[in-house]
Amino acid sequence: MKFPLRSIVPIFIAVLSFAQPSPGKAEDHPPAREASKPTTIICEECCCQTVLTTLEAQNKRLSEDLRGIKRDIAALNQSLAEPGIPAAMAGIGYIFGLFGVAAYMASRRKNPNSRN
Amino acid sequence: MHISDGVLPTTISLATYALTLAGTALSLKFVRPEELPKIAVGTSAFFVASLIHLPLGPTSVHLLLPGIVGALLGPAAFLSIFIGLFLQSLLFQFGGLTALGANALMMGVPALVCGLLFQLIRGSSLLSNTIAGALAGGLGTFLAASLLAGFLFTSGEDFLGVAKLALAAHIPVIIIETAISAFTISFIYRVKPELLKWKQG
């Protein structure tokens with residue numbers, strides 16, 4: 001039986017929202033903490049602030065890292081585009097081969113009757 | 001220092017191709033069979049020289065060597081440079097095949113001029129040979145940069161600005177090339193002076 005994925009998503013979100021601790025529900029909290037409700041709210045605001053600053057700091061660091069990585073990729077691309085030792089060796093081989101053939105032809109032309 | 005594909009107008013490309021082919025054919029006439037190994041070595045040196053990057057501040061420059069090739073190979077330098085540039089454009093993607101004619105002229109003509117100059121002023125002492133080699137090396141790069149500016153002018157660029165830029169970018173190359181040519185020629189003169197003589201058939 002095929003279970004459609006789209007039907008799972010709302011259920012999943014609903015489950016997640018139930019799982020989150022909601023401050024309005026009294027039965028979730030022990031009665032001893034009921035009295036210190038205002039301080040909790042202030043603390044949560046502080047928490048939000050610190051989380052926000054941490055996130056911003058992380059974001060900044062990540063974007064710096066990403067910039068560095070992008071620079072590295074650009075440098076890598078450039079160095080990949082540059083020809084290396086194999087291409088140089090191939091070229092030297094072509095040149096020597098070409099001139100070798102030319103020398104061979106020239107020697108054949110010089111004494112066409114020699115067969116050795 | 002290489003002109004890429006699509007920079008030059010078609011007429012200029014075709015004209016430079018025709019001139020280059022004529023020059024190469026003429027150059028072939030001067031090739032003597034016993035000179036072939038020397039030309040092969042000169043060609044491969046020219047071919048590889050553009051891979052030798054010398055770090056210079058934030059950028060790097062590479063050797064061109066038209067002067068030294070001209071001084072060593074004489075009229076056969078044109079053929080040598082044509083082959084070297086052809087393989088460079090195939091294997092290294094330096095310059096384009098359609099601009100090969102212009103590139104070969106840009107390097108070949110300075111090589112011939114420098115070769116003639118070198119033979120005229122080299123004399124028979126180590127000092128005069130070294131000075132002639134240095135002059136050939138420096139002048140070769142200078143002429144090549146000037147020709148580059150001239151070719152770019154035909155593609156509609158502002159001639160003076162580009163010429164200045166090309167020359168300014170090549171001042172360090174000219175200096176390095178002068179030093180390398182002087183060293184190479186003086187070394188060859190001390191070790192195997194007959195390499196510096198042109199044998200024409």
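Quick note: the coordinates plus some simple rules give every number you see, no bench work behind them. Note that the structure is predicted; figures quoted are calculated from it, not measured. Cβ sites come from the backbone with ideal geometry, for glycine too, and all protein chains shown count toward neighbours.
Structure summary
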{"read-out": "Estimated distance in nm for a label pair at A:Glu44 and A:Lys70, the labels positioned 7 Å out from Cα along Cα-to-Cβ", "value": "3.8 nm"}
{"read-out": "Local electrostatic count at A:Ala102 - Lys and Arg +1, Asp and Glu -1, tallied over other residues with Cβ under 15 Å", "value": "+4"}
{"read-out": "Tensor-based shape of chain B (alpha-carbon gyration tensor, a/c under 1.5 rounded, otherwise prolate or oblate)", "value": "oblate"}
{"read-out": "Fewest-first sequence of B:His2, B:His53, B:His62 by Cβ atoms within 10 Å of each Cβ", "value": "B:His53, B:His62, B:His2"}
{"read-out": "Euclidean distance of C-alpha centroids, the stretch B:121-171 and the stretch B:1-41, integer Å", "value": "18 Å"}
{"read-out": "Order by protection proxy (mean Cβ within 10 Å, highest first), peptides B:130-142, B:81-93", "value": "B:130-142, B:81-93"}
{"read-out": "Largest-first principal axis extents of the Cα set of the stretch B:3-71 (Å)", "value": "44, 36, 16"}
{"read-out": "Charged-residue dipole, Cβ positions (Lys, Arg, Asp, Glu), chain B about Cα centre, Debye nearest 20", "value": "600 debye"}
{"read-out": "Using a Förster distance of 51 Å, the FRET efficiency for B:Leu116-A:Ile85 (Cβ separation, nearest 0.05)", "value": "0.90"}
{"read-out": "Cubic angstrom per residue, convex hull over Cα atoms of the stretch B:79-191", "value": "112 Å³"}
{"read-out": "Tensor-based shape of the stretch B:113-155 (alpha-carbon gyration tensor, a/c under 1.5 rounded, otherwise prolate or oblate)", "value": "prolate"}
{"read-out": "Within 10 Å of each Cβ in A:80-92, the average number of Cβ atoms from other chains", "value": "5"}
{"read-out": "Rounded FRET efficiency, nearest 0.05, which uses the C-beta distance separating B:Leu90 from B:Ala25 and R0 of 25 Å", "value": "0.75"}
{"read-out": "Exposure proxy order (Cβ contacts within 10 Å, fewest to most) of A:Tyr94, A:Tyr104, B:Tyr189", "value": "A:Tyr104, A:Tyr94, B:Tyr189"}
{"read-out": "Convex hull projection area averaged over all views, the stretch A:72-116, Cα basis, nm²", "value": "3.9 nm²"}
{"read-out": "Burial ordering of B:Thr43, B:Thr154, B:Thr16, A:Thr50, fewest other beta-carbon atoms within 10 Å first", "value": "A:Thr50, B:Thr154, B:Thr16, B:Thr43"}
